[in-house]
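First comes the structure, then the notes that go with it.
Each reported figure results from applying straightforward, stated rules to the coordinates on display, with no laboratory input. Note that this is a predicted model, so its numbers are computed, not measured. Every residue, glycine among them, receives a Cβ derived from its backbone with ideal geometry; neighbour counts consider all protein chains shown.
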Amino acid sequence: MKKHLLIISGILLFSISSNAQKWKFGINASIFQNNLSSGTFKDGGYPPDYKKPIDMSLGVFVEKEVNNWLSFQPALIYKGKWTSFSGFLPTVYDQETNTYVDSYIATDYIFRYIEMPLLGKFTPLNHLHLYIGPSIGYAITKDAKVKMFVDYYDYYMNYIGNEEITVKASTEQKRDYYNSFEIGYQIGAGYEYRKFEVGLGYQSNFTSVFKDKENNYSSKPKFHSPSLNISYRFF
């Protein structure tokens, strides 16, 4: 897949370099679902099931016509990607304090990207467009936060009290455990009416947001997102 996308990109760039028509531009917005695949651990275990929140993206694009059925359409897009998981931890008995501890954990991963898709736009029928091409992105912010809600019980399981503990990833942890760059591909289709276009798209990454510093994963989690897209062309 990677090789095919590079070949397509090369053909598009070569075709455009020999064409003297002017660049045109527009704006676009998307509503998409953040899907982070679970991945697998080398010891046979599975990471938690991540939630699939809805988010939005905004961007600008330029377009260069190669001929009456093919155009090149690079873009710059601001996109937030985030997900979370939560669950109860096993009850722990603390011998020093002679208490039982029940914990509920909630973890959030929040990333904000500037993406640059390099798409070929094909027009097989009047007003109908198909898109395919590679996409690269850079994380301008990376955040991870863990919240623990802890309940304490005495030896006879009588409730004592509770506390909330919040831990945020340090700058060093963000650098060491989360990737800044992503590489993937996008495909889509849209219908154009006058200067507006509405369509559906799909993006999938070859790279993972996690660096796997401890080498625990046999298959790392990766983002993939279906989307509803709308764009407006100023030409």
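A straight chain from ASN98 to TYR202 at 0.36 nm per residue would run longer than the Cα-Cα distance by 32.1 nm. Sorted ascending by nearby beta carbons within 10 Å, beginning with the fewest, SER204, SER218, SER30 become SER218, SER204, SER30.
Using the crude model of +1 on Lys and Arg Cβ and -1 on Asp and Glu Cβ, and no other charge, please compute the dipole size for the chain relative to its Cα centre, in debye to 20.
Numbers: 25 positive and 22 negative charges, 321 e Å.
With only Lys, Arg, Asp and Glu charged at Cβ, the dipole is about 1540 debye.
Per residue, the average separation of C-alpha pairs within less than 8 Å and at least 6 apart gives the chain a relative contact order of 21 percent. Going by a ≥ b ≥ c, the root eigenvalues of the Cα gyration tensor, does the range 51-186 fall in the rounded group (a/c under 1.5), the prolate group (a/b larger than b/c) or the oblate group? Because a/c hits 1.5 or more and a/b exceeds b/c, the range 51-186 counts as prolate. Each Lys or Arg adds one and each Asp or Glu subtracts one; over the other residues with Cβ under 12 Å from the Cβ of PHE149, this totals -3.
Using +1 at the Cβ of each Lys and Arg and -1 at the Cβ of each Asp and Glu in the chain, identify which of ALA75, SER170, PHE149 lies farthest towards the dipole's positive end. Going by the Cα projections, it comes out as ALA75. Relative to the dominant Cα principal axis of the chain, helix 2-17 is inclined by about 40°.
Run the numbers for THR141 and LEU228: contour at 0.36 nm per residue of separation, minus the present Cα-Cα distance, in nm.
Values: separation 87, 0.36 × 87 = 31.32 nm, distance 2.44 nm.
Value of the extension gain: 28.9 nm.
In this rough spin-label picture, where each label sits 7 Å from Cα along the Cβ direction, the PHE122-ASN216 distance is 4.2 nm. For the residue pairs LYS195/LYS222; LYS52/LYS195; LYS142/LYS220, alpha carbon separations beyond 29 Å are given by LYS195/LYS222; LYS52/LYS195.
Please report the net charge: other residues with Cβ closer than 10 Å to the Cβ of TYR177, K and R +1, D and E -1. Kindly include the intermediate steps, with their values, before the conclusion.
On the way: positive: LYS142, LYS174, ARG175, LYS211, LYS213; negative: GLU172, ASP176, ASP212, GLU214.
For residues surrounding TYR177, the net value is +1.
Can you show me the helix-derived [θ] at 222 nm for the chain, built from DSSP H runs with n ≥ 4 at -39,500 (n - 2.57) apiece and divided by the number of residues, rounded to the nearest 500. If you can, show how the numbers build up before the last one.
Values: 2 runs with 23 residues, N = 235.
Computed ellipticity for the chain at 222 nm equals -3000 deg cm²/dmol.
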